[in-house]
Structures are given as structure tokens and as C-alpha cells.
Amino acid sequence: MLGEVIAAVRPRDAAAERAARERLDRMTKPPGSLGVLEDVAAQLAGTAGECPAPLPTPAAVAVFAGDHGVHAQGVTPWPQEVTAQMVANLAAGGAVVNAFAAQLGADVVVVDVGVATPVGPAANLLERNVRRGTADLAVGPAMTTDEARRAVEVGIEVATALAADHRCLVTGDMGITNTTASAALVCAFTGASPADATGRGTGVDDPTLARKVEVVTRAVARVPARPATPEQALAALAEVGGLE
């Protein structure tokens, strides 16, 4: 499945994108005065292959959830059980993203890809658990390459299903210590330094932040070079990423 999807990816339609920018410049306003909004409008036209672009509604928000073995390194003060609690809250409609989505008329689905504790059935919860939390990325691969591929294919499956009756997909992720894995992925894929890429997440103190940077540094050292092929990208994801 993953190979087929990669092969099907195409660039945005350059002609539609140019037409959108020309249309924006003909409007009664200074050229470029809408800033990044003009870039987004052009990109939407290029993605859709037509100008003007169709409105990206109705929209769906898919929140993918998973736990991380790196929690054992003390990179957050929050207990791992919070992930499952937040997943249940999201599925019940009680989180901030649910309130934002309700204002926009967007649907919210929560996908359990790697939560350590089973959450149980809920109307807006998709149970697609690949593994009950990753291994500790500080001491070895977070998951196997096969598990990483299966997790990515969960995303493909969910996106394909939502595309049947939605024109826009917004994605999010949930998982205690997910910012540690995110920082490691940013470093692995961009070459950024761990000190620059690693943030405080849920507002950790200075000693915890220093420990977090050290963990990311140690993990990224196992990724020999920035990924240049789909196979290398999947291997990097398996090494330091998260199931969500």
C-alpha cells in the first residue's frame, strides 16, 4: 500500500497555481497584501488542479494517538496514563480541538495507533493499534520498520476513508512525550541541532529540558545521514519516531 501511494504522489498543478496568483493580482488590492494567505490560496488551486480552487469543506480532523517508551527517560513530568485519558476526552468531544472543530463544522475522529492502555470503544474512536507504545528511542529503535510501515498505512487508510465525504483533512497527534520523538525526527530529516529543535513541550523545567536535549542527541546519532529515499525515511521513522 505504501509503495502505491508514494508512486501516486504528484506535484501541484503549476498552471492552476499561476492562474490563482494572476487572479489574486487582478483584485482591487496591493499585490501580495494578503501575505501568506495568498500562498495558501495558490497552493489550494495547485492541489485541486483548478482555479479558483473549490472550498475545502466539509473538513475532517483526524487525531492520531500513541505512547512512547522514551517516557522512561524522565523527559516529562506527566504520567503516561494521560495519553489514554486524553484520547477518551477527545473521543467524547471534550477537548479544545473539538471546540474549534465545532465552530467550523468539522468532524473529529481519534485514531489509536499506539496507545499503551486500551481506551475502549467510542463513537469517534478508530482502534488501529499497531503496538502498545513504542520502545525507548533513547536506547534503540522505537519500533521495527514493519511497525513503522503499518503505522503509516493506518494514516493512509484513515485519510482514504475520510476523503470519501470530506474535501479537507486536518491532522493532529496526541501522546505524552510526543515532542521528544518529534524533535528527533526534525533533526533526522533536516539536520537541525537537538538544542534548536527540542522545546519545552508541556512546559518542563530547565533540568528536564537539558535531559530531553541529551536524549534527542543520543537518538539522532543513530541516524547516519538525512534520509534521501523512501526506504531511508521509513528507517529513520522506525528509529526515532512514534506510531502516531
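The values are calculated or read from the model by the stated rules, or taken from the named source; none is laboratory data. All values derive from a computational prediction rather than experimental measurement. Here the Cβ is made from the backbone with ideal geometry for all residues, glycine too, and neighbour counts use every protein chain on show. We work out accessible area using only protein heavy atoms, side chains counted, and drop any ligands, DNA or RNA first. Shrake-Rupley method; radii C 1.70, N 1.55, O 1.52, S 1.80 Å.
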Heavy-atom accessible area per residue of the chain, all protein chains kept, 1.4 Å probe, expressed in Å², is 52 Å²
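Quick one: plug the Kirkwood hydrodynamic radius of the range 1-48 (C-alpha pairs) into Stokes-Einstein at 10 °C, 1.306 mPa s, and report D in µm²/s.
133 µm²/s
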One point scatterer per Cα, no solvent, Debye formula: log10 I(q)/I(0) for the chain at q = 0.07, 0.09, 0.12, 0.14 Å⁻¹ comes out as -0.28, -0.46, -0.81, -1.04
With every protein chain in place, the chain: carbon and sulfur % of accessible area (1.4 Å) = 59 percent
Take the Cβ-Cβ distance between Glu50 and Ala102 as r, set R0 to 30 Å, and report the resulting FRET efficiency rounded to the nearest 0.05.
-> 0.50
Any idea what angle helix 14-26 forms with the longest principal axis of the chain, computed on alpha-carbon atoms, 0 to 90 degrees, nearest 10?
-> 60 degrees
So, with points 7 Å from each Cα along the Cβ direction, the Ala7-Ser33 label distance in nm works out to 4.9 nm
Taking Cα atoms, the helix 206-220 axis meets the longest principal axis of the chain at an angle in degrees (rounded to 10) of 80 degrees
